[in-house]
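The values are calculated or read from the model by the stated rules, or taken from the named source; none is laboratory data. This structure is a prediction, so every number in the text was calculated from the model and none was measured. In this analysis, Cβ positions are derived from the backbone assuming ideal geometry, glycine residues included, and neighbour counts consider all displayed protein chains. For accessibility, only protein heavy atoms count, side chains too; no ligands or nucleic acids. Shrake-Rupley method; radii C 1.70, N 1.55, O 1.52, S 1.80 Å.
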Amino acid sequence: MLRIFIHRLLLGIATVAIVSGIIFAAVEALPGDACTAILQRDASGERLANCRRELGIDRPALTRYVEWASGAVRGDLGISAHNNKPIASLVGDRLKNTLLLAGCSLALGIPLALFLGVLTGLRRDKLSDLALSTIAIFAMTIPEFVTATVLIFVFGIWLGWVPGIVTASASSSLSAFFPGIVLPVIVLTMVMTAHIMRTVRSSVIDVMSSDYVQMATLKGVPYWQIVFRHALPNALLPAINVIALTVGWLLGGVVVVEKVFNYPGLGHYMIDSISDRDLPVVQAIALIVATAYVGVNLAADLLAMAFNPRLRTLKARSP
Amino acid sequence: MTGDVLIDVQNLSIGFTGRSGKLLPVLRNIDLGVRRGETVGIVGESGSGKSTLALAMMGYLKHGLRVISGRSLFDGRDLLTMPSCELQRIRGGKIALIPQNSGQSLSPNLRVGAQLTEALALHGKLALSAFPARVIQLLQQVRLPDPEVIASRYPHELSGGQQQRVAIAMALAGDPEALLLDEPTTGLDVTTQAHILALLSDIAVRLDKVMVYVSHDLGAIARVCSRVVVMYAGEIVLDGDATSVLTNPGHPYARGLLASIPRLGNPNLPMALEGRPPPPGDAGPGCSFVDRCAIAEAPCRSERPGLQPLPAGGRVRCRLPERAGSIPTKRAGKPASAGGSFGEPLVRLSNLAISYARQSLVDQLLGRKPQGVPTVDRVNIEIRQGEVIGLVGESGSGKSTILKAVAGLVGPANGEIAYDRSGALPATVEQRRPEQLREIQLIFQNPDESLNPRHTIEQILAQPLQLYFGLSGDALRKRSIAILERVRLGAHYLDRLPSQLSGGEKQRVAIARAFAAEPKLLLCDEVTSALDVSVQAAVLDLLDQLRRDVRALSDRVAVLYQGRLCEIGPAAAVYSRPCHPYTEALLGAVLEPEPGARPILMAEDIVELSPPAKGCPFQRRCHRKVGSICESTTPPQRNAGAEHVIHCHIPIGELTSAQTVSTLGNAVRPHVQ
Amino acid sequence: MSDGPATLVATTARPSRIVSVICEVLSRPSGFIGLFLVIAHVLLALFSPIFAPFDFKAMNANAILSPPDATHWLGTDQLGRDILTRTIMGGRQAILVTAIATPLAVAWGGLLGIYLGLAGGRLDDILMRVVDAFLALPWILKMLLMIVTFGTGVSVLIPTLAFFYGIPVIRIARAATQNIVARDFVLAARARGHSRVSIMRKELFGNVLDALMVEGAMRWSWMLLAFTSLSFLGFGVSPPTPDWGLMIADSRNFMAIAPWPAFAPVIALSSLIIGINLTADALAKALGIDRAQAAVH
């Protein structure tokens, strides 16, 4: 168990290291650098060279990568090219806002998805299953900006129940985001719920047709006891990994949603930084997002292992 | 001794809706009553509907099935129309199931103790405080050692035999009146199977339970049941006491089935039962067996025979039961192509060792050899031109691994394979010469796996023909048809996909593909174990035929345990006088469809994790262990006669004299030809 | 419970597999509706200049944000352009780019995945880490970096989409390959002494192709999502070229007074993506692949 844990952890660290290399190389390949961004029109000749020397951009790429990466490990993400502020503080507020958005969506979406997944799985091929499964395909495939636009029109403009756009700024207190956060949360929840629900459904169907559920039935176990004691603990295991993958998707989907609703989160900031060519910020956000993705998936692997007696006692005999 | 009727199935028909929208029956007009005190065996091949019938006796239908007509009574009440809350009390409480695959029938997330406690809570009349003691008692009842330890385990931590015992304990937990056994020993090793069967017949007698035992295996049924029901194509075709059904049955199908079972005591090949049962809904107006029946007459095709009483007792579904007796049940049939003189040595395995252990990264860096005991070790076998040699052993004995090494799919860790006087055979396929590749052909156990599901039979046969002989166009097609005919399949099979063929037909195609290469050495890996009994006989018969064509034959047997040789010698000698303790146990456990046959139980059914690092491979289970020498020293070779070698510490005189009379059965599956 | 007779029917002339798979897809309602939507969209994209009632650039100063009427069936936008025309033509770029990029992505990802599944070893270990690393970055970040660097032309978008969306295909193809390589018919081919190339071509390819076909349909839908999202955010198709994402973005500013410009592109885009997904679902069922287990990306 400990060996597996260490193995997974090392793989995760290796992945993050490769990501950081890719990010650094990609940003390096972009035309322009921090100095062209700072100096804008004046970026030429002597001034550009001075600036580069000042910021240390004229040194070899590998040296700068090592410096950047070791800084990132210590929590120092560098300086924004746009306003010369430390990136860590700029990103901090926005990261908090994005976590609020993602947290609300997960808190709403995961229970809903598990409930609907189990429901449709148990009522396989009945009308309620067909209806919900079809809605799920719609919810998970239509682009977020389309859903968002429709929701803004219906609930923001037509019915006027909730604001169609978030007006709070990046450093606003969390309470300032309500009720503007409602629509973005709904959009994110819809897609996520649909994905998780489909996996849970197919897993419940598999388990309910398994030999051990048939055996439990023939043992005289009442239906709901079969569902809760014999079927669900086994059926929900695969959901853990899918939830992790969905969180990975959330990190990308949140970018579009934040932009659509003008939500001052990490994704919105990333788009702005790319438009402004604020490359150190882009690098930092990419690294944060990738680390989060790897971390969540690692956690899911370990959690799935902890809940699965088969994996927990892997050392047991093999045939 | 027998009492009133407990289980009463009346005119039951069950079916499913096919793609065409037609209702296709799986069971047709089943009438079957089981009295208190009876042990009834229901025997039939796959698709005969026997499992559906068993589950219907508990009021359970699998997804997609529905009742067409009839009732399934238990103690006078119809289970098929009973509300589910009452059904729950009867299932497990009055009638309990012991399932086929216990490994998959126990919930993986619950400890064994918790699952037994659940059964007690549902049906027991015990106080809550008495549960733990009762759990231990139940586990003891099924002869599990260390019941406390077993109760705290998860199902996947137990061996197959232990899982099956837990399932039996679970069935006994509700103290039911009747036990339903659905192929309870299928998939277990023969020695384990013998233990479970002994336990079951003991329970039937000691605890006085009604038993309904469903199996494809007449040998297993012979050990437990007093009455046998034979099913064919969803119908009961024969019902009678075990002795008459197993020795002189009154139905042509039952006689054919008996004849198709290979028996160790008889050197003749089993007789094949050609053809296959009609698929559900496809039986004509007449008798469902008519197409395969040797004594069928014209009226058999037009009128469906009823289930009529036999004068000697029992019932039979046949118009001509008095004539059925003319069909032989034993292999009066042809003997296997006789042996005699063999040619030059073709293959010699010398001191062969095979290891699946992979070098870990650390080992690679330090330049160490892979750790661990090799899967197969110290195997010495010589195969001569035209000889058939059987490798015998249970799962994990290394039979398949040895075949794969000879085929060049697994490289040996030590020793060598000498071939056809050309010296050592290169270890892997990539290094071998085309001629060597052609001359050594491998046939796999399961044709579903070994035939590409997307290729037509023509494409499958074309592969060796193109590769080895460069055939194409008309020549290729002609040759393919000729090969198909040799395995008794027609040219119209060429365009079909494997999924459109039956199991036996698929295995014939696999055999045809191997023979298309015109091999000198044919490696057959349990080629019949995935097939129904009657089909097995046909495949063995076919192999024997083809063997004659390539001028081959004899019969030597090598008994393997944990990848090490125990005994090797002429088949007749090994089977009639097994010398090595393991051979003795193995052959003693083989099931024969003889009423009254009882197994000789020797080795306890434990799971071996890996072969012992030194000494005798069989040391942990041996019932005749000499002493510490068995654990420390590799057993010497002892000669028990011409070419008969035994690897054992026991002196040869003792080995050959201490004879137990054993019933003999067929454990010779993998042939190396 | 398998349907016995149906599998036992002897076919003298076996229809080609593609035909039988298409028949199977069409026999399901989801497959029929899905394939109908997809084919309709593709035909419309190819021939839209013929159907379009107006010039997509033509502005009508007298009819700015005018509601649907007899002349402009779906109304006009903020510049007085005909919405029906722009909607009919608005999918051309998206469908053209993604329809070319999808097969490219499946091809390179599939081939590399099959190779890695066969080869295994150190190279496989390393490349799978790189694949993981790419998957750890959100699609939008990867796309935006490329667009900022190279621009938004079709010649940039096609290879970019094909590259990034081929990466998850590597995983799928590798897993499918590993499944099949372990099966006895591949072992049998190896034991006969067929070459690696011949095994790949004859035994493996057809079987992996099933998984790749379903994967391809899903990649197509994800690519469309990416393409239109980028347009919506202002990083994709540049005006005045009509594009659904761009049209939806433009319409948002006037939604309170004139909601109709959004309706048509929303329905057009949704119907195409749903069509693709319904087809993919039916295809997966026809081929016996569990699509719900496929990766989210």
Going residue by residue through region B:180-199, is there one that turns out to be buried (at least 21 other Cβ atoms within 10 Å of the Cβ), of a type in the set (A, V, I, L, M), in contact with a helix residue (DSSP H, G or I) (Cβ under 8 Å, 6 or more places away or on another chain) and under 15 Å from B:Q115 (Cα atoms)? no
(1) farther than 24 Å from B:G408 by Cα; (2) open to solvent by 30 Å² or more (accessible area, probe 1.4 Å) all hold for B:L494 apart from (2)
For the condition in contact with a helix residue (DSSP H, G or I) (Cβ under 6 Å, 6 or more places away or on another chain) and acidic (D, E), what is the one hit in C:D132, C:D69, C:D125, C:D82? C:D132
Could you please give the count of residues in region B:570-589 that are buried (at least 24 other Cβ atoms within 10 Å of the Cβ) and either in a loop (DSSP other than H, G, I, E, B) or more than 22 Å from the chain's Cα centre (by Cα) (or both)? 4
Scanning region C:193-233 for residues that are in contact (Cβ under 8 Å) with a residue 24 or more places away in the chain and among the basic types (K, R), which turns out surrounded by the fewest Cβ atoms within 10 Å (Cβ to Cβ)? C:R196
Is there a residue in region B:22-33 that is open to solvent by less than 10 Å² (accessible area, probe 1.4 Å), among the small types (G, A, S), more than 14 Å from chain C (Cβ to nearest Cβ) and not in a helix (DSSP H, G or I)? no
Say whether the condition of being crowded, with 21+ Cβ neighbours inside 10 Å, without any contact (Cβ under 8 Å) to a residue 60 or more places away in the chain and more than 25 Å from B:L87 (Cβ to Cβ) is met by at least one residue in region B:201-215. no
Which of the residues belonging to region C:114-167 are open to solvent by 20 Å² or more (accessible area, probe 1.4 Å), within 14 Å of chain A (Cβ to nearest Cβ) and outside any helix (DSSP H, G or I)? C:G151, C:T152
With B:L467, B:L476 as the choices, which residue is assigned to a helix (DSSP H, G or I) and either within 13 Å of another protein chain (Cβ to nearest Cβ) or on the phi > 0 side of the Ramachandran plot (or both)? B:L467
Give the number of residues within region A:138-156 that are open to solvent by 10 Å² or more (accessible area, probe 1.4 Å), of a type in the set (V, I, T) and within 8 Å of chain C (Cβ to nearest Cβ). 3
Filter region C:234-245 for residues that are more than 9 Å from every other protein chain (Cβ to nearest Cβ) and in contact (Cβ under 8 Å) with a residue 40 or more places away in the chain; the one that is surrounded by the most Cβ atoms within 10 Å (Cβ to Cβ) is C:D243
With respect to B:P426, is the statement that it is farther than 30 Å from B:L587 by Cβ, within 11 Å of chain C (Cβ to nearest Cβ) and not polar (S, T, N, Q) true? no
Looking at (1) closer than 19 Å to A:Y223 by Cβ; (2) more than 14 Å from chain A (Cβ to nearest Cβ); (3) open to solvent by less than 40 Å² (accessible area, probe 1.4 Å), find the lone condition where B:M82 falls short. (2)
On the given criteria, is C:F150 closer than 23 Å to A:G12 by Cα and at pLDDT below 90? no
With the checklist (1) within 7 Å of another protein chain (Cβ to nearest Cβ); (2) crowded, with 24+ Cβ neighbours inside 10 Å; (3) among the hydrophobic types (A, V, I, L, M, F, W, C) in hand, flag the one item C:V266 doesn't pass. (2)
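Being within 31 Å of the chain's Cα centre (by Cα), on the phi > 0 side of the Ramachandran plot and facing chain C (nearest Cβ under 8 Å) is the requirement here; does B:G398 meet it?
no
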Tell me, yes or no, whether region C:59-70 has at least one residue that is surrounded by 17 or more Cβ atoms within 10 Å (Cβ to Cβ), part of a helix (DSSP H, G or I) and touching a His at 6+ places or on another chain (Cβ under 9 Å). no
For region B:119-143, which positions are of a type outside the set (V, I, T) and open to solvent by less than 10 Å² (accessible area, probe 1.4 Å)? B:A119, B:L120, B:L138, B:L139
Of the residues in region B:165-197, those that are in a helix (DSSP H, G or I), at pLDDT below 90 and within 13 Å of chain A (Cβ to nearest Cβ) come to B:T192
Every residue in region A:79-103 that is crowded, with 21+ Cβ neighbours inside 10 Å and either among the hydroxyl-bearing types (S, T, Y) or part of a strand (DSSP E or B) (or both), please. A:S80, A:T98
Do we have B:M57 as open to solvent by less than 40 Å² (accessible area, probe 1.4 Å), within 14 Å of chain A (Cβ to nearest Cβ) and within 21 Å of B:P184 (Cα to Cα) here? yes
Exclusive hit being in a loop (DSSP other than H, G, I, E, B) and modelled with pLDDT of 75 or more, set B:I600, B:I650, B:I646: B:I650
Those residues that are open to solvent by 20 Å² or more (accessible area, probe 1.4 Å), under 28 Å from the mean Cα position of the chain (by Cα) and within 7 Å of chain A (Cβ to nearest Cβ), I need them from region B:85-107; list them, please. B:N101, B:Q104
Scan (1) away from chain C (no Cβ under 12 Å); (2) surrounded by fewer than 21 Cβ atoms within 10 Å (Cβ to Cβ) for the single condition B:V487 breaks and write down its number. (2)
Among the residues of region A:268-284, what is the count of those that are at the interface with chain C (Cβ under 8 Å from one of its Cβ atoms), touching a residue at least 24 places away in the same chain (Cβ under 8 Å) and buried (at least 24 other Cβ atoms within 10 Å of the Cβ)? 1
Evaluate region B:661-671: report whether one residue or more is over 25 Å from the mean Cα position of the chain (by Cα) and either open to solvent by less than 30 Å² (accessible area, probe 1.4 Å) or at pLDDT below 80 (or both). no
Residue hits (region A:104-143; more than 22 Å from A:L188 (Cα to Cα) and either not in a helix (DSSP H, G or I) or not assigned by TED's automatic domain parsing to the domain that holds A:I243 (or both)) are A:R123, A:R124, A:D125, A:K126
What pairs can you find where one residue is in region A:229-247 and within 19 Å of A:Y293 (Cβ to Cβ), the other is at pLDDT below 85 and not aromatic (F, W, Y), and their Cβ atoms are less than 7 Å apart, with a gap of 6+ or different chains? A:I240/A:A304; A:N241/A:A304; A:L245/C:A295; A:L245/C:V296; A:T246/C:V296
Given (1) without any contact (Cβ under 8 Å) to a residue 40 or more places away in the chain; (2) touching a helix residue (DSSP H, G or I) at 6+ places or on another chain (Cβ under 8 Å), identify the lone condition not met by B:M57. (1)
